[in-house]
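Structure, as structure tokens:
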Amino acid sequence: MVDADARRAAELRALIAEHDWRYHVLDAPTIADVDYDRLYAELKQLEERHPELRVPESPTQRVGGAPAAGFASVAHDPPLLSLDNTYDEAEVREWHQRLLDHLKVSELPSALVAEPKLDGLSCRLVYEQGRLVLGATRGSGEVGEDVTANVRTIRSVPLVLRGQPPARLDVRGEVVVPRAAFEALNRALVAKGEKSYANPRNLAAGTLRQLDPQLVAARPLEFRVWALGKVEGAPLPPCHSAALEWLETLGLKTVRADQAVGGLEEVLAHYRALLVRRDAFPIELDGMVLKVDRFDVQQRLGFTAKSPRFARAFKFPARQATTRIAAIRVQVGRTGTLTPVAELEPVALSGVTITHVTLHNRDECARLGVRVGDTVLIERSGDVIPKVVQVVESAPRGAEPWPFPEHCPACGTKAEQEGDFVAVRCPNEQCPARLQKRLEHLVGRNALDVDGLGERLLQQLVEKGLVRQPADLFRLEDAPLLELERMGEKSVAALQAALRAAHRRPLAAFLYALGIPEIGETAAEQIAHHFETLERVRAATAADVEAIHGLGPSAAASLVAAFAPKSRSAAEVDALLAAGVTPLPAVRASGALEGKTFLFTGTLPTLSRAEAEARVKAQGGTLLSGVSKRLCYLVVGDAPGSKLKKANELGIAVLDEAQFLALLASGPSATAPATAPTAAPGAAS
């Protein structure tokens, strides 16, 4: 009987694996759901009666048991490198010409491959003797996280490969959530009164890094292969397109179905066709990936420090939508700048509901010719920041052009425009709106960091005259605070404790909190570490400040003017000191990175921005706020944006997280490693 059960269990495993492949990979099921469920139930019952029949590759073992305590690190060999981005056909043609120049040929000795750039989470799978042994996130490209237990729950990932797999197979691809499944899940969440997800990519990324495989199994994740890594025990296909075709025979789902192979004009035509299909495509896309097809030509082209020369991401244009301007209001900033903001009829754009967008300044309003009631075209630049592109339909006849205010809407003071500056400002330093914004800046996390002092509470303090200058915050008594909305004894006690904690903050945080024009966080750090004490900062001349690497005449003049006798900033500093706020002296940094400048862009895999910047400061490095010739290193994560393009144009060293950590460990003489693969290149899609 046991032998018969063992044979039946093996038969059921094979049947279920076959039907999983047909359903989740081929999208061509040959069995009804109810019949599939019967096969699964029979196998489960057999394994419960005979636990010795359970094997790791059994369909019943896809979902693990208890949640994991965390994820182990996994080194990628070869690395999962990111791709350089292009944004128009002219840039693609330039890239193609660079390939020809590098190879010293007039015609590329290989076809190009174009395939959809899926918007999900990059992942690596490893099979040994045909069995899945590893699933890992991309991470830094050099090092990722072991999420094997979660990957096993994805039904389109075979636990055992079909046919005759090699001894070891490494593939790279994307974990995604199809649009239809994403929308169905969001509808279910909303029906239960739970928070929905902004977009499929967030859902895929958040799900794959869950510590509980049971939760992962309940989410509609799918996996698509877009590259081959190392192969052992089998001949390597000659080219990328053939490799994907071979992987499909092994039971893996790839991006080949939407692939085009041909010359430059053919792949550009495919991009245009894919762009038309973008919104109807079953998976969210953010562009197309172009690759040289033949592996031997890829190897000849090689790699830069961070990306393959033989591949490029051709990104889609920013998402656009139309909506109506319901109103235009004016915000007053802490320096008095009047900023018009358009209130929009809510519109969904790239997974986010847009309700307002800045119109920047008076000149931009005039250029656009906006009026309340206009229908406007908006886009999210880099799928992040919304902006008005143009008016597409004017407001109904008779609607008045929107007038930029001549007076501050908060205090009524006549607005001023200084010289050639675009900004229009309220000059009244006692303006309540300016005061509130200054206070919001003062108590912010990277300034004096007063927890519990939010916008609404500060507004009450200003409106009731309890705070007329920053130092007044540190003289507040309990009785008037208890009379404010939502302020009970516990809230007042917590606020007072937070204010006491803010008495002793680092000098850099104190300088930044003052809101001196042109003195941001980076400049404040540089000034603090150079002068070490507030007394020395106040005594500094413009020449002293300009001696700091990275600070120019404009920033130096602004700092010196702020501490000039009888200036508002000087008076506010005296009042803060009198109220007990005393900045902690800085300790001059000296370390391996002294004299080196850094800038971060994008989301790093494991380090938060604050932690990464703190590590630079701890070793004496300097942080810059933008890309310039003064920048030594640009450290990039996911979605790096325009800073990366500018850094490449200026020839600035670009590091990923792993290379950045290596630099911290070895000092400024370290250089970013250029790692070439030993088998089929696995560049990121």
Give the range 114-149 a look and list any residue that's of a type in the set (Lys, Arg) and either crowded, with 23+ Cβ neighbours inside 10 Å or within 25 Å of residue 290 (Cα to Cα) (or both), or say none.
-> 117, 124, 138
When the range 510-559 is examined, which residues are found to be of a type in the set (Val, Ile, Thr) and either within 25 Å of residue 445 (Cα to Cα) or loosely packed, with under 15 Cβ neighbours inside 10 Å (or both)?
-> 516, 519, 522, 527, 533, 537, 541
So, of the residues in the range 369-427 that are under 30 Å from residue 601 (Cα atoms) and polar (S, T, N, Q), which turns out to be modelled with the highest pLDDT?
-> 390
Any residue at all in the range 463-485 that is assigned to a helix (DSSP H, G or I) and of a type in the set (S, T, N, Q)?
-> no
Is the range 507-528 home to any residue that is without any contact (Cβ under 8 Å) to a residue 24 or more places away in the chain, under 19 Å from residue 436 (Cα atoms) and in a helix (DSSP H, G or I)?
-> no
Any chance residue 610 is at pLDDT 85 or above, assigned to a helix (DSSP H, G or I) and more than 18 Å from residue 143 (Cβ to Cβ) = no
Those residues of the range 590-601 which are surrounded by 19 or more Cβ atoms within 10 Å (Cβ to Cβ) and in a loop (DSSP other than H, G, I, E, B) amount to 593, 596
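Among the residues of the range 401-436 satisfying the criterion of being in a helix (DSSP H, G or I) and of a type outside the set (A, V, I, L, M), which is nearest to residue 366 (Cα to Cα)?
Of the residues in the range 401-436, the ones in a helix (DSSP H, G or I) are 432-436.
Now restrict to residues that are of a type outside the set (A, V, I, L, M): 432, 434, 436.
Numbers: 432: 28, 434: 25, 436: 29 Å.
Only one residue fits best here, namely 434.
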Per-region count, the range 457-475, residues over 16 Å from residue 442 (Cα atoms) and hydrophobic (A, V, I, L, M, F, W, C) = 1
Looking across the range 166-203 at residues that are part of a strand (DSSP E or B) and touching a residue at least 60 places away in the same chain (Cβ under 8 Å), the single one that is surrounded by the fewest Cβ atoms within 10 Å (Cβ to Cβ) is 168
Would you call residue 206 out of contact with any Cys (no Cβ under 9 Å at 6 or more places or on another chain) and either hydroxyl-bearing (Ser, Thr, Tyr) or at pLDDT below 85 (or both)?
-> yes
Which condition number in (1) under 30 Å from residue 146 (Cβ atoms); (2) in a loop (DSSP other than H, G, I, E, B) is the one that residue 663 fails?
-> (2)
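May I ask you to verify whether residue 115 is at pLDDT 95 or above, touching a Leu at 6+ places or on another chain (Cβ under 9 Å), under 18 Å from residue 272 (Cα atoms) and among the charged types (D, E, K, R)?
Spelling it out, residue 115 is indeed at pLDDT 95 or above, touching a Leu at 6+ places or on another chain (Cβ under 9 Å), under 18 Å from residue 272 (Cα atoms) and among the charged types (D, E, K, R).
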Just a yes or no: is a residue in the range 230-253 under 26 Å from residue 639 (Cβ atoms), in contact with a Gly (Cβ under 6 Å, 6 or more places away or on another chain) and among the charged types (D, E, K, R)?
-> no
Please state which one of 50, 19 is at pLDDT 75 or above and in contact with a helix residue (DSSP H, G or I) (Cβ under 7 Å, 6 or more places away or on another chain).
-> 50
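Yes or no, residue by residue, for (1) assigned to a strand (DSSP E or B); (2) in contact (Cβ under 8 Å) with a residue 12 or more places away in the chain:
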site: 268; (1), (2): no, yes
site: 273; (1), (2): no, no
site: 279; (1), (2): no, no
site: 287; (1), (2): yes, yes
site: 298; (1), (2): no, yes
site: 325; (1), (2): yes, yes
Counting only residues that are surrounded by 15 or more Cβ atoms within 10 Å (Cβ to Cβ) and either farther than 29 Å from residue 332 by Cβ or touching a helix residue (DSSP H, G or I) at 6+ places or on another chain (Cβ under 7 Å) (or both), how many does the range 454-475 have?
-> 10
Are there any pairs, at least 6 apart or on different chains, whose C-beta atoms fall under 6 Å, with the first in the range 599-618 and aromatic (Phe, Trp, Tyr) and the second in a helix (DSSP H, G or I), and if so, which?
-> 600/609; 600/612
Are there any pairs with C-beta distances below 7 angstrom linking a residue in the range 632-643 that is assigned by TED's automatic domain parsing to the domain that holds residue 658 and under 13 Å from residue 655 (Cβ atoms) to a residue that is surrounded by 19 or more Cβ atoms within 10 Å (Cβ to Cβ) and among the aromatic types (Phe, Trp, Tyr), with the two at least 6 apart or on different chains, and if so which?
-> 632/598; 633/598; 635/598; 635/600; 635/660
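Mind telling me which of the residues 331, 430 ends up being polar (S, T, N, Q) and modelled with pLDDT under 90? Give the steps one after another, and end with the answer.
Numbers: 331 fails: modelled with pLDDT under 90.
Being polar (S, T, N, Q) and modelled with pLDDT under 90 holds for just one of 331, 430, which is 430.
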From 163, 206, residue being touching a helix residue (DSSP H, G or I) at 6+ places or on another chain (Cβ under 6 Å) and surrounded by fewer than 18 Cβ atoms within 10 Å (Cβ to Cβ) = 163
Members of the range 580-589 that are at pLDDT 85 or above, surrounded by fewer than 17 Cβ atoms within 10 Å (Cβ to Cβ) and part of a loop (DSSP other than H, G, I, E, B) = 580, 582, 585
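The values are calculated or read from the model by the stated rules, or taken from the named source; none is laboratory data. The shown structure was predicted, so the numbers you read here are calculated from the model rather than taken from an experiment. Virtual Cβ from ideal backbone geometry, glycine too; neighbours counted across all protein chains shown.
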